[in-house]
Each structure stands twice: as structure tokens, then as C-alpha cells.
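Each remark here refers to the structure printed beneath this line.
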Amino acid sequence: YREAMWLKSQPANGSASSRSQSSISAASRIGAFWRAMPPLLSDASARAFLTRDLGAEPESIEPLRPGEWSRVYAMRRDGEECVVRLSPYRDDFEKDAMVATWSSADLPVPPVLEIGEALGVSYAVTARMRGDFFESLDASRSTAVMPSFFATLDAMRRVDLSRASGFGGGGGPGGAGP
């Protein structure tokens, strides 16, 4: 979705065909994201924010695999394991908070504990749920998790969406939201 929006927002060039616009490399799209992150958002400034403003135990801060649109850190505060994501897109965190309301034993979604603004970007703090990325599993492990994977898909299908309306990107006009 974000890639489509990024491509859509690029200036039209009379000589550029739609095919050439759609062939923009993934690396340049990801590069556009990193350009959207404030240049002063260094690892050191993120760690200082986590410690000073969010109460992270300094020795617990660990960079995690980044999201498509965020920098991600694990941390511990008050004995709780948390994940903090920093991103220019606050609406993604608002959607995460809405989805967390549908969490269940069959569909575990980490609760969003806090959403705010700092360092020129938005941030979200969630409870940490440990696991592996599906695409990182070898053949035997991916086969072993298939029953759980399909049970999760079934749980998603059973979510009562009657309080949601719209479709698309989120809380804006025409977007899915509560």
C-alpha cells in the first residue's frame, strides 16, 4: 500500500511511461522511506530517547529487524519486555491499536501500550511477543508450524468486523476504522 502511494505521489513526467514509473526498484522505494526519517534520528539519539523518555533499562536496548516503514528496538522497562517502533507514519500505529482490540488466544496481537511523537517521528510501544519470521524458517520448521498458521488464518476469518467501516488505508476519509 505505501509503495503504491509513494509511486502515485511521484511527479508525472510527460516522457515517462507508466511502465517505467512502475519499474522503480525496491531499493529506491526503501530509500524514499529513509529520506523521510529525520537525518538526526541516529541510533544514539533513538537509544537516548528510549532511556530518557520511555524508561528503558539501557542494557536491555536491542535493535531488531526493521519494519517496512519503521526502525525497531526491543527494550525492557519496569521488568516488562517491550518493542518500540519509530516511523514517520503515525496512522500505522493507530491501525495496530485497532487490530489489537481483536486479539484472542487464537489470534495473538501485542497490545499497543503507548503512541506518541518524538525526535520528529511517531513512535509506538507494544508488548513484546517473541517468535520467528515465517520466511526465515527452514522446510521442516515451516511444515511444523502449518497447523498453527492455518489456525491463525481461521481466527482472522472469525473476527467480528461489524464495528469497523470503510476500506483501505486507515482512519482517513474512506479508510477502514472504528
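Descriptive notes on the structure:
- Residues located in the stretch 137-157, provided they are open to solvent by 40 Å² or more (accessible area, probe 1.4 Å) and either touching a strand residue (DSSP E or B) at 6+ places or on another chain (Cβ under 6 Å) or among the aliphatic types (A, V, I, L, M) (or both): 139, 144, 145, 146, 151, 153, 156
- Candidate set from the stretch 39-87 (those that are of a type in the set (Val, Ile, Thr) and outside any strand (DSSP E or B)); member that is farthest from residue 132 (Cα to Cα): 51
- Residues satisfying the stated conditions in the stretch 97-122, i.e. within 22 Å of residue 157 (Cβ to Cβ), open to solvent by 50 Å² or more (accessible area, probe 1.4 Å) and not in a loop (DSSP other than H, G, I, E, B): 99
- Of note, residue 68 satisfies the criterion of being within 29 Å of residue 149 (Cβ to Cβ) and surrounded by fewer than 17 Cβ atoms within 10 Å (Cβ to Cβ).
- Number of the exception - residue 134 against (1) surrounded by 16 or more Cβ atoms within 10 Å (Cβ to Cβ); (2) more than 28 Å from residue 41 (Cβ to Cβ); (3) among the aromatic types (Phe, Trp, Tyr): (1)
- Unique residue being of a type in the set (D, E, K, R), within 17 Å of the chain's Cα centre (by Cα) and at pLDDT below 90 when the list is 3, 94: 3
The values are calculated or read from the model by the stated rules, or taken from the named source; none is laboratory data. It should be emphasised that the depicted structure is a prediction, and the values quoted were computed from it without experimental measurement. Here Cβ is always computed from backbone atoms with ideal geometry, including for glycine, and neighbour counts include all displayed protein chains. Accessible surface areas use protein heavy atoms only, side chains included; no ligands, DNA or RNA. Shrake-Rupley method; radii C 1.70, N 1.55, O 1.52, S 1.80 Å.
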